[in-house]
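The values are calculated or read from the model by the stated rules, or taken from the named source; none is laboratory data. None of these values were measured; they are calculated from a predicted model. No Cβ is skipped: glycine too gets one built from the backbone with ideal geometry, and neighbour counts run over all protein chains shown. Heavy atoms of the whole protein, side chains included, go into the accessibility calculation; ligands, DNA and RNA do not. Shrake-Rupley method; radii C 1.70, N 1.55, O 1.52, S 1.80 Å.
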Amino acid sequence: MIAIDLTGRIALVTGATGELGRVMTRTLAACGADVAIHYNNNEAKALELQAEIVATGRRAVIVQADITNQASIQAMKDTVTAALGDVDIVVANAVVQYGWTSVLEQAPEDYRSQFESCVMQSVYLAKAFAPAMIEKKAGRFIGINTECSMQNFETQSAYVSGKRGMDGVYRVLAKEIGPHQITVNQVAPGWTISDRDRANGTERSEGYERTVALKRRGTDQDIANTVAYLASDLAGFITGAYIPVCGGNVMPTI
């Protein structure tokens, strides 16, 4: 049996206190990685997650940063490096939340927030963490995209614009740092079941499930499993990929 082994690796997850971020962080730690838990405002949840992971025998630190600010991301990098060492795996999961509405009604500030949190976060993380990976000739960048970037449904314009821009950064970055044996990939969740759904009893959505080839919604663990795979040596020859984890709701063409 081939297992995912991240022993000796250091992983950073941005937005680690969120619904998907928590499960990604736990899963990477369960695979053997030491983890840096990024948060913006929710220090209490970050501390709770840190205690949970430390109890399993892994090292974990929490770090606050504004992912739309380059100086803040650089400071986060310095803090994590001092505490754990050079980061091997960067998971860009954080995104600014806002209300969805039509292009004609969407506030211009919402487009800016999506550009900053999707595109510029990706750029700032690369600038901060890629140099050490280049020196070691090893590393992983994993961006959390979305199935929405292939659907283009009404009210999604700001979100889709930000994630499409992120896709461009990641594909070009994959070519630029690939010669240093660093992989750059994206995971694109569908409408995913999280702890919030479990608490509210909203796991099922017959309308959405009818559009999915597997006829069900995916779970936060499905997303985390794909992240762990891309972080591992098993995915060492995969780069520049956009991987939908949505049960076949969207299928990229060749």
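Quick look at the values:
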| read-out | value |
| --- | --- |
| In region 46-63, the residues that are under 18 Å from L20 (Cα atoms), touching a strand residue (DSSP E or B) at 6+ places or on another chain (Cβ under 9 Å) and of a type outside the set (G, A, S) | L47, L49, Q50, E52, I53, I62, V63 |
| Filter result (more than 17 Å from K175 (Cβ to Cβ) and surrounded by 20 or more Cβ atoms within 10 Å (Cβ to Cβ)) within region 126-142 | A128, F129 |
| Where I238 falls short, out of the listed (1) open to solvent by 30 Å² or more (accessible area, probe 1.4 Å); (2) part of a helix (DSSP H, G or I); (3) touching a residue at least 40 places away in the same chain (Cβ under 8 Å); (4) of a type outside the set (F, W, Y) | (2) |
| In region 216-235, residue most open to solvent (accessible area, probe 1.4 Å) [restricted to those that are touching a strand residue (DSSP E or B) at 6+ places or on another chain (Cβ under 7 Å) and in a loop (DSSP other than H, G, I, E, B)] | G218 |
